[in-house]
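Below you'll find the structure, written out as C-alpha cells, and then a few comments.
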Amino acid sequence: MASSKKRGAFIVLEGIDRSGKSTQSKKLHEHLTAQKIANQLIRYPDRTTITDCKQNKKLGKLLNEYLQCKQEVDDRAIHLIFSANRHEAKQQLLSWLEEGYTVICDRYSYSGTVYTYSKNVIKRDKMEKEGDKSIKSQKALDWEWCKHVDQGLIQPDVVIYLNVKDLATVKNRGEFGNERYENEAMLKQVLKSYQTFLAEDADKKIWSIVDANQAVEDVHKQIVSITLATIESVASKPVQYL
Ligand code: FDM
Ligand code: MG
C-alpha cells in the first residue's frame, strides 16, 4: 500500500435478530454512496458462495442450508465453517480496504462466537437437567474455543452494537422467521453473550453502543457520525488483526 494512499475503514454492525442491522447497513451504504464515499456492503454468513471447485469461496451454500434446517451438521464442524466463510474472503476484504473502500459488514466474528456459544449453553442446560452423561463432550465448545478460530482475521475499526434492552422490543417488530436460532430462548442467551463480549473487549475500545430502541432515522444519524469519525481516524493507520 502506497504510504500516501488513505485506506478505507472496516465498519461492523452487530446485534440480535431484528435489532435493525440489515436496515441500518443498507441505509449507511446508501448514504456513503450518495456522499461519493467509496464503500462496499457485505454480510456474514455470505450465503452466496457455492461449492464450485473453480471458485476460491465455496462455503455459503452449506451455511444457508444449515440455517434453513435443511442440513444437520456437527456443532463444532459448523462453527468452523462459519469461521472459514470469513477466512476465505479475507484477501478480498484486505484489498478493498487498501484500495480505499470503506467496508460495511452486517455481522462478523462476534456473531460467530455468540451464536455457537449460546446454542451450547442451551444444550448443556438441557443435558444437565436430563442427567445426560455425554455432557462432557459439549465442553469443547467453550467461549475461548469459539473465539480462537477467528484469530488472524481482520479486526474491525469499529463494531457498532445495536443494543436492544430486552426481547419485548424486538418482538413488536414482527414474528420470528423459520430459521435455526430464531426463537426466544436462544435470543435471550445471545443477548447475554453479547454483553460478555462487550465486557471482555472493553480495553480494545472498538465497540460503539447505539440504542436500537430509537427511531430508525435517529439510529441512522448516530451510525453515520460514528462511521465518518472512524473513516477519518483510521485513514493512515495500519489494518489490525484479531
Ligand atoms: N450466525 C452468523 C452464526 O451462527 N455464526 C456466524 O458466524 C454468523 C456470522 O446466522 F442466526 C448466525 C446468526 C443468525 C444467522 O442470520 C444469520 P441473518 O438473519 O442472515 O443475519
Ligand atoms: Mg435472521
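The values are calculated or read from the model by the stated rules, or taken from the named source; none is laboratory data. As the structure is a prediction and not an experimental result, all values here were calculated from the model. Positions of Cβ are generated from backbone atoms using ideal geometry, with glycine treated the same way; all protein chains shown enter the neighbour counts.
Scan the range 203-223 and give yes if some residue there is within 16 Å of ligand 1 (Cβ to nearest atom) and touching a Leu at 6+ places or on another chain (Cβ under 6 Å), otherwise no.
yes
Could you list, in sequence order, the residues of the range 222-237 that are exposed (fewer than 12 other Cβ atoms within 10 Å of the Cβ) and either touching a residue at least 24 places away in the same chain (Cβ under 8 Å) or basic (Lys, Arg) (or both)?
If the condition is that a residue be exposed (fewer than 12 other Cβ atoms within 10 Å of the Cβ) and either touching a residue at least 24 places away in the same chain (Cβ under 8 Å) or basic (Lys, Arg) (or both), then Ser236, Lys237 are the ones that fit.
Just the residues that are in contact with a helix residue (DSSP H, G or I) (Cβ under 7 Å, 6 or more places away or on another chain) and at positive phi, please, taken from the range 167-187.
Result: Tyr181, single match.
Give me the pairs, please: first residue somewhere in the range 148-163 and free of Cβ contacts under 8 Å to residues at least 24 places away in the same chain, second residue anywhere and assigned to a loop (DSSP other than H, G, I, E, B), beta-carbon distance under 9 Å, and either six or more positions apart or on two chains.
none
Hey, could you check the range 174-195 for residues that are away from ligand 1 (no atom under 12 Å from the Cβ) and within 14 Å of Asn163 (Cβ to Cβ) and say which is surrounded by the most Cβ atoms within 10 Å (Cβ to Cβ)?
Out of the qualifying residues, it is Leu191.
List every residue pair whose Cβ atoms lie under 9 Å apart, where the two residues are 6 or more positions apart in sequence or sit on different chains, the first residue falls within the range 121-138 and is within 19 Å of Met186 (Cβ to Cβ) and free of Cβ contacts under 8 Å to residues at least 40 places away in the same chain, and the second residue, located anywhere, is assigned to a helix (DSSP H, G or I) and small (Gly, Ala, Ser).
Filtered contacts from the range 121-138: Met127/Ser134.
Would you confirm whether any residue within the range 135-155 is among the small types (Gly, Ala, Ser) and within 30 Å of Ala215 (Cβ to Cβ)?
No - not one qualifying residue is present in the range 135-155.
Residue-wise test of (1) outside any loop (DSSP other than H, G, I, E, B); (2) within 14 Å of the chain's Cα centre (by Cα).
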{"site": "Ser118", "(1), (2)": "yes, no"}
{"site": "Ile122", "(1), (2)": "yes, no"}
{"site": "Gly131", "(1), (2)": "no, no"}
{"site": "Lys147", "(1), (2)": "yes, yes"}
{"site": "Asp150", "(1), (2)": "no, yes"}
{"site": "Tyr161", "(1), (2)": "yes, yes"}
{"site": "Val170", "(1), (2)": "yes, no"}
{"site": "Phe176", "(1), (2)": "no, no"}
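For every residue, the table says whether it meets (1) within 16 Å of ligand 2 (Cβ to nearest atom); (2) acidic (Asp, Glu).
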site: Lys6; (1), (2): no, no
site: Ile11; (1), (2): no, no
site: Asp17; (1), (2): yes, yes
site: Ser22; (1), (2): yes, no
site: Ser25; (1), (2): yes, no
site: His29; (1), (2): no, no
site: Asp46; (1), (2): yes, yes
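Quick test for you: out of Arg107, Arg86, pick the one residue that is under 17 Å from the mean Cα position of the chain (by Cα), of a type in the set (D, E, K, R) and within 16 Å of ligand 2 (Cβ to nearest atom).
One residue alone meets the criteria, Arg107.
Is it the case that the range 98-118 has a residue that's within 30 Å of Phe10 (Cβ to Cβ), within 14 Å of ligand 1 (Cβ to nearest atom) and at pLDDT below 90?
No, the range 98-118 contains no residue that is within 30 Å of Phe10 (Cβ to Cβ), within 14 Å of ligand 1 (Cβ to nearest atom) and at pLDDT below 90.
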